[in-house]
Amino acid sequence: MMRGFPFRVIGLTVWMVSYNIGVLPAIMPAIVRDFNSSVGVIQTVLVLFSLTTAAFAPTTENLCRYFGRTPVFLMGLVLYGLGIGFTALSPSIAVLAISFAVLTGLAATPLVNTPWTFVDLVYRGKTEEQATVGLIVMSTLGSLMGSLLGGFLASQVGWRWAFVPSLIALIAIWVRRRPLRAVAFGGALPNLSLYCEQPIDWVGGLLSFWGWG
């Protein structure tokens, strides 16, 4: 049987990232009106978010091997919160683009990778299959709620409030992170620290980030 407490944490992480991906298209008309922008600009922001997250994946894996996956996950969580906060408070479309596409995109990489790595390392057999299906379900629910709940909040109280559910989820994940040491699941996550003495390939990571590697 799946250990519910740690799974709820990684499942909520997957839900949070999927929610924010699903919410932006839903609140797109409100953002366009507020900033006098265009739908194409918001679509570009979404594309850049995906490209940033994918391009930074190799460097994130290097960081995880060097510093440990759990510390990198926590750093990503903090950066993700800042990115979503800046996105919600954006005074212009340029600030929104940088906050969501770059800042949040970078932070999303360890948040996307860690839950699946957690399932691969911790669960076995039928439990692993259940956990994998559970993450897929949480991802789907996040996207749907981003579209429905985010769209509702945008139409009723304003598009900036559409990011509040994901910030609440982030706070819940941060509170449940403790103590991140025991693999006996006394805390939210085991300490997924797989250290490696190999130096970080900063040049390769930079080339990958710019799409040249």
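Structure summary
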quantity: Of all residues in the stretch 1-58 being aromatic (Phe, Trp, Tyr) and assigned to a helix (DSSP H, G or I), the one that is nearest to Val175 (Cα to Cα); calculated: Phe5
quantity: Residue match in the stretch 156-167 (condition: in contact (Cβ under 8 Å) with a residue 12 or more places away in the chain and either over 19 Å from Ala30 (Cα atoms) or in contact with a strand residue (DSSP E or B) (Cβ under 6 Å, 6 or more places away or on another chain) (or both)); calculated: yes
quantity: Matching residues in the stretch 64-96 - criterion: being closer than 22 Å to Val41 by Cβ, in a helix (DSSP H, G or I) and of a type in the set (S, T, N, Q); calculated: Thr87
quantity: Candidate set from the stretch 83-99 (those that are touching a residue at least 24 places away in the same chain (Cβ under 8 Å) and under 16 Å from the mean Cα position of the chain (by Cα)); member that is surrounded by the fewest Cβ atoms within 10 Å (Cβ to Cβ); calculated: Gly85
quantity: Some residue of the stretch 111-121 being part of a helix (DSSP H, G or I) and more than 17 Å from the chain's Cα centre (by Cα); calculated: yes
quantity: Residues of the stretch 138-192 classified as at pLDDT 95 or above, more than 18 Å from the chain's Cα centre (by Cα) and under 25 Å from Pro71 (Cα atoms), total; calculated: 0
quantity: Thr104 vs. criteria farther than 21 Å from Val32 by Cβ, β-branched (Val, Ile, Thr), touching a residue at least 40 places away in the same chain (Cβ under 8 Å) and surrounded by 21 or more Cβ atoms within 10 Å (Cβ to Cβ); calculated: no
quantity: Top-ranked residue of the stretch 37-72 - restricted to ones that are within 27 Å of Ala94 (Cα to Cα) and of a type in the set (Phe, Trp, Tyr), ranked as farthest from the chain's Cα centre (by Cα); calculated: Phe56
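The values are calculated or read from the model by the stated rules, or taken from the named source; none is laboratory data. Given the structure is predicted, the values throughout are model-derived calculations rather than measurements. So basically every Cβ, Gly included, is an ideal-geometry build from the backbone, and we count neighbours across all protein chains shown.
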